[in-house]
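I have placed the structure first, in the form of C-alpha cells, so that the comments after it can refer back to it.
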Amino acid sequence: MLLWRPKTFFSFQYADFPGGIPPDAILIKTATFPREISDNATMTHFPHLFSPITVGTVELPNRLVMGSMHTGFEEHLAAIPAMTAYFVERAKGGTALMVTGGFSPTESGRLMPFGGEFTPEFAEAHQPMTAAVHDAGGRILLQLLHSGRYGYHADVVSCSATHAPIAPHPARELTDTEIRELIDHYAEAARLATEVAGYDGVEIMGSEGYLLNQFLAARTNLRDDDWGGDAERRRAFPLAVARAVRAAIGPDKIFSFRISMVDLVEDGQTWEEVATFARELEAAGVDVFMSGIGWHEARVPTIVTSVPNAAWTSYAQRLRKEVSVPVIASNRINTPQIAENLLIDGHADLISMARPFLADPAFVQKAKEGRAAEINHCISCNQACLDRTFSMQIVSCLVNPRAGRELELQLTPVSAATDAVTDGAAATGQRIGVIGAGVAGLAFAEAAATRGLKVEVFEAAAEVGGQFRLAAAIPGKEDYAGSLRYFSAQLDTLGVPVHTSSRVSADALLEQGFDQVVVATGVVPRIPDIEGINHPKVMNYQELLSGEQEAGQVVAVLGAGGIGVDVSEFLTREPNTPLPEWFADWGVVGNDKSPGGLGEPAAFQPLREVHLFQRKTSRIGKGLGATTGWVHRAELKRANVHGHTGVAYQRIDDDGLHYSDESGDHVLACDSVVICTGQESNTLAVGDTPANAAGDTAARVHVIGGADVAAELDAERAIRQAVELAAQL
C-alpha cells in the first residue's frame, strides 16, 4: 500500500445527515483503500488518480473516466467526423476510458424523433472513429440506452402504460414477446459495437429513469407477470439484458453497467434492492459499475452548480462493499483534488467526469503534469450543454466554446496560418490591447495568446472577473470563481500582462501603437426611470453583490430575470451550504430509509424577507434555463420569496416601494430596494474611433461580450464570441 497522503482539500460530515446515509458511509480520512493501489504506481501529483487499474481484462493507465453525455452527434451519420474530433481530442488529453452518448438498440428506444438507433450502418460508420481514438491512446465504450417512456417521439414504450411528466407522449406497455425480442436487440447492438464498430466494450444505461430503470421501480412497473409484481421479477428483464450482452461481446471486452444508486422519486428502489441487483449483475458478467443518481423527473437536483461537490459519492462507497468489481463515482466532481481524495478515502475505484471534459479536454494531462491550476473547470451551469440537448442542438460548453466544434473552431498558431494577411512573423508581432478583464476579455486574451499573438489586458477595476466575480458571490455559484482562477493562471503561464486599476480607451491604445483593440468592457446596470430612484435605500445589484452596500431585513428586488432570481437567493441564504444541510433542505434521506431515498424537506428559515417584482405578467423565472430554472424556482419557494407580477412602479420614498398591479395601488414597507432591471452595454472605452476614424482604423477595434450585446448577461455568447474573434485575427 502507498502510505503517502496529500493535503486534504475538502471533507464531508455525513454523521449529521438526518436519518439517511448510514454510519458505515461516514468518510474517514484515515480509511484504508480496500482494493489496493499498486506499490509501483507512478508517483505523480495525484498518485491514486494516476495508478493503473484492471477493468475486466483491460488495464487502464489511470482512474479518470469520461462519462456518457448526450452530445447531439448520436442521431446523424453525417456528424461522425465531428464526433471523432471531439473524442480524439480528449483521448490525446490522457483520458483512460470514454463512454459515448446513448445509442438505442431499437427504433422505439431512440431519444429523439430521428436517428439514434445503433444499426449495422452506424456500426460500420463508427469504425474510423474508434480507430482514431485508439491511435490517440484512448479506449472507448458505446453506451446502449433505451429511452422507454422518456422518448421524444410518438412510438414510446415502457414496462407499463404510464406517462412521464417530462415527456410529450404516454408510453405503451411492452408485450411479453416484445420484451424477449428487446433482449435480443440489446445483444445484437452490443455485438455490432464491439465486433463491427471496434469499441472496447459497451455500457448499459440502467439508471436516470430510462427503460431498464423503469422496469426496476414500483413507480413505473405495474406488471404482474414474469417481468413485474415484486422486486425479483422487476429485476428479471435488466438481468436478462446483462446476460445476453455479456454473451454477445465475449469475455475480453469491457462491460459497464450504469446502475441507479438512488432513484430520488417516490416508489423508487430501496437500497437493499439496489445492492441485490448489483450482486446479480456481477454474477451476470458486469465488469464495472458506473454510478447513476436520480431520475430525470426527480425534483431533487443532482448535477447543477448548487449541488455540493461530490455530494453523491457515499452511495458508490456503499456499493463497493457489496461487489468485488470496480465502482465508479460520479456527479459534481470537477477537480483532480476532489477525485484524488475520493480514491484515498475509499469512495470509489475510478472517477467519472462528464462535463469537466467538455470544459477542458486536457484535464488528465494537466493534472498529471502538476498543472491543476491550468484546468478549465466545469461550473455545472448547464447552459451550453444540457440545455442544448433539450433543444436538440449539438452540445458545447460555456467556458470552452470549442467543445463540440473541434473541427470548425481551431486556435491555429499564427505562424502556421495560411490565410493570414501578413506573414506569420509579422502577424505574431502585432500588439493587441484588450480593454476589460471580465470573462469575455479574459477568454479572448487566453485564446489569442495561445495562437501566439501579443496581448495585453487593461482592467479599470482593482480585480479581474467583472460580472463573473459577482456571480461567484451567489450561493450555489461558488464554482464560478474557479473559472477566474483558471484564466488568471493561463494568462500568467502565457506571459500576458494584465493591468488592473487601468482605465483606458480604444483611442488611447491605438495612439500607443497597438495594432488591434478588443473592447470587452461588459455592462452597467440599467437604471429605471422611477421617482425616488436615488433614495438612500436603493442600490443596484452590482453594489449589493460586491459588498459595497448591504441590504436590510425586508428587501424589494426590482426585476425577475436571471439576475433578480440570483439576487433573491443571495439575500435569503448563506453560501457554501454544508452537505447534510443541503440534503435536508431537499428531503434526501437515503434509500435505506425510504424507497427512492426521499423524505420531508427540512424547514428553512430565510435570512431576509424578499419581494421579487416584475412588470411582465408571466410566471417568475419563465425564461431561466431548461434544466436549471426549476431548481431556482424551488429555491425561491423554499425561501418564501414573494413574487409580484404585472406591476407598475410608482415611486420609492421613506415609506418604501409604491407600486400598482391589477388589484390596485400598494406600498411595500421595505428597508432596501435592489435594482435588477437589466443591463446596458458599457461602451465608454470605445470612444469615437469606429465612427470617425479614417482609413482602416475602425476595423482595428472589435467590441465583444456585454459591451456588444447586453441581454441578460449571456456569458456563453460572450465567451464564444471572444474565442471566435481570437481564432480569426
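Provide the percentage of antiparallel DSSP beta bridges, counting only those with both residues in the chain; round to the nearest 5.
Details: 18 of 80 bridges.
Expressed as a percentage, antiparallel bridges in the chain total about 20.
Arranged from highest to lowest average of other beta-carbon atoms within 10 Å per residue, in what order do the peptides 487-497, 671-681 appear?
Numbers: 487-497: 17.1, 671-681: 21.7.
Packing order, densest peptide first, comes out as 671-681, 487-497.
Let me check against my output: what whole-number percent is the relative contact order of segment 165-236, with C-alpha pairs under 8 Å and at least 6 apart?
13 percent.
How many nm is it between the label spots at A283 and S546, if each spot is 7 Å from the Cα in line with the beta carbon?
6.6
Quick one: net charge of G292's neighbours, Cβ under 13 Å, K/R +1, D/E -1?
Once all neighbours under 13 Å are counted, the net charge is -2.
Using 0.36 nm times the number of residues separating A154 and K321, minus their current alpha carbon distance, what extension gain do you get? Write out the running numbers ahead of the final one.
Details: separation 167, 0.36 × 167 = 60.12 nm, distance 4.20 nm.
Answer, rounded to one decimal: 55.9 nm.
Could you calculate the FRET efficiency of A699 with M392 from 1/(1 + (r/R0)^6), where r is the beta carbon distance between them and R0 is 25 Å, rounded to 0.05?
0.10
Taking amide H positions as placed 1.01 Å from N in the peptide plane, with prolines and chain starts having none, which residues 5 or more places from G465, or on another chain, fall under 5 Å of its amide H?
A437, G438
Can you give the angle from 0 to 90° between the axis of helix 562-572 and the longest principal axis of the chain, with both taken from C-alpha atoms, to the nearest 10?
Value to nearest ten degrees: 80.
Restrict the search to segment 290-391; then list the GluC sites (Glu not before Pro) that DSSP places in a loop and that have at most 13 other Cβ atoms within 10 Å of their Cβ.
Working: sites: E297, E322, E340, E369, E374; in loops: E297, E322, E369.
When the GluC sites (Glu not before Pro) of segment 290-391 are filtered for loop state and at most 13 Cβ neighbours within 10 Å, E369 remain.
Using a/c under 1.5 as the rounded threshold, could you call segment 466-591 rounded, prolate or oblate? The axes a ≥ b ≥ c are square roots of the C-alpha gyration tensor eigenvalues, and prolate needs a/b larger than b/c, oblate otherwise.
Oblate.
For V65, list long-range residues whose amide hydrogen, built 1.01 Å from N in the peptide plane, is under 5 Å from its own amide hydrogen.
I351, S352, M353
Scan segment 439-510 for GluC sites (Glu not before Pro) in coil per DSSP, keeping those whose Cβ has at most 16 other Cβ atoms within 10 Å, and list them by number.
Numbers: sites: E446, E456, E459, E463, E478; in loops: E459, E463, E478.
Sites meeting the loop and neighbour criteria: E463.
Between the helical axis of 80-92 and the dominant principal axis of the chain, each derived from Cα atoms, what acute angle in degrees is found, rounded to the nearest 10?
The angle comes out near 90 degrees.
Using mean Cβ contacts within 10 Å as the protection proxy, how do 267-274, 635-642 order, highest first?
So the order, starting with the most tightly packed, is 267-274, 635-642.
Kindly sort Y152, Y186, Y480 by accessible area of their heavy atoms, largest first, with the probe set to 1.4 Å.
Descending order: Y152, Y480, Y186.
Taking segment 486-569, which GluC sites (Glu not before Pro) meet the DSSP loop condition and have no more than 12 other C-beta atoms within 10 Å?
E548, E550
Probe of 1.4 angstrom, ligands and nucleic acids ignored: what's the accessible area per residue over segment 596-691, in square angstrom?
Heavy-atom accessible area per residue stands at 51 Å².
Pop a pseudo-label 7 angstrom from the Cα along the beta-carbon direction at both A461 and S618 and give the gap in nm to one decimal.
Result for the modelled spin labels: 2.9 nm.
Step through the residues of segment 263-272 one at a time and calculate ³J(HN,Hα) from phi using the Karplus curve (6.51 cos²θ - 1.76 cosθ + 1.60, θ = phi - 60°), rounding each to whole Hz and writing x for Gly and Pro.
Those phi angles translate into 7, 6, 9, 4, 6, x, 7, 7, 5, 4 Hz.
With all protein chains present, how much of the accessible area of the chain (probe radius 1.4 Å) comes from carbon and sulfur, to the nearest whole percent?
Carbon and sulfur atoms account for 50 percent of the accessible area of the chain.
Can you pull the one-decimal nm distance between simple spin-label points at A161 and E531, each 7 Å off the Cα toward Cβ?
The modelled label-to-label distance comes out at 6.3 nm.
For the chain, what does -39500 (n - 2.57) per DSSP helix run (n ≥ 4), summed and divided by total residues, give at 222 nm, in deg cm²/dmol to the nearest 500?
-8000 deg cm²/dmol
For R573, list long-range residues whose amide hydrogen, built 1.01 Å from N in the peptide plane, is under 5 Å from its own amide hydrogen.
Those qualifying (amide H under 5 Å, at least 5 residues apart or on another chain) are L607.
With a ≥ b ≥ c taken as the square roots of the eigenvalues of the C-alpha gyration tensor of segment 313-386, please select rounded if a/c is under 1.5 and otherwise prolate if a/b is larger than b/c or oblate if it is not?
Details: a/c = 2.62, a/b = 1.55, b/c = 1.69.
Oblate shape, in that a/c is at least 1.5 and b/c is the bigger or equal ratio.
Starting from the Cα-Cα distance between E178 and A236, subtract it from 0.36 nm times their residue separation and give me the gain in nm to one decimal.
Roughly 19.4 nm would be gained on extension.
How high is the relative contact order of the chain? Use alpha-carbon pairs under 8 Å, at least six apart in sequence, and give a whole percent.
Relative contact order of the chain: 13 percent.
Cut-off 11 Å, label point 7 angstrom out along Cα-to-Cβ of D653: give me the residues of segment 525-567 whose amide nitrogen falls inside.
Of the residues in segment 525-567, 532 have backbone N under 11 Å from the label point off D653.
Let me make sure I get this right: for segment 38-121, a, b and c are the square roots of the gyration tensor eigenvalues over alpha carbons, sorted descending. Under 1.5 in a/c it's rounded, otherwise prolate if a/b > b/c, else oblate. Which is it?
prolate
For segment 575-648 and segment 89-135, write down the distance between their C-alpha centroids in whole Å.
A separation of 37 Å, based on Cα centres.
Once the other residues with Cβ under 13 Å from the Cβ of Q605 are scored (Lys, Arg +1; Asp, Glu -1), what is the net sum?
So the surrounding residues net to -1.
Determine the relative contact order of segment 95-229: mean sequence separation of Cα pairs under 8 Å and six or more apart, normalised by residue count, in whole percent. Intermediate results must be reported in sequence, preceding the final value.
Details: 257 pairs, mean separation 37.5, N = 135.
RCO, segment 95-229: 28 percent.
Return the sequence-ordered ³J(HN,Hα) values of segment 203-209 in whole Hz as given by the Karplus equation 6.51 cos²θ - 1.76 cosθ + 1.60 applied to θ = phi - 60°, using x for Gly and Pro.
Per-residue couplings from phi come out as 10, 9, 7, x, 9, 6, x Hz.
Apply the Karplus curve 6.51 cos²θ - 1.76 cosθ + 1.60, θ = phi - 60°, to the phi angles in segment 256-261 and return the couplings in whole Hz, x for Gly and Pro.
9, 10, 8, 9, 6, 6
Provide the gained length on full extension for the span D135 to Q553, in nm with one decimal, where the gain is 0.36 nm per separating residue minus the Cα-Cα distance.
144.3 nm
The values are calculated or read from the model by the stated rules, or taken from the named source; none is laboratory data. These numbers were taken from a predicted model, which means no experiment stands behind them. Using ideal geometry, Cβ is built from the backbone for each residue, glycine included, and neighbour counts are taken over all protein chains shown. Accessible surface areas use protein heavy atoms only, side chains included; no ligands, DNA or RNA. Shrake-Rupley method; radii C 1.70, N 1.55, O 1.52, S 1.80 Å.
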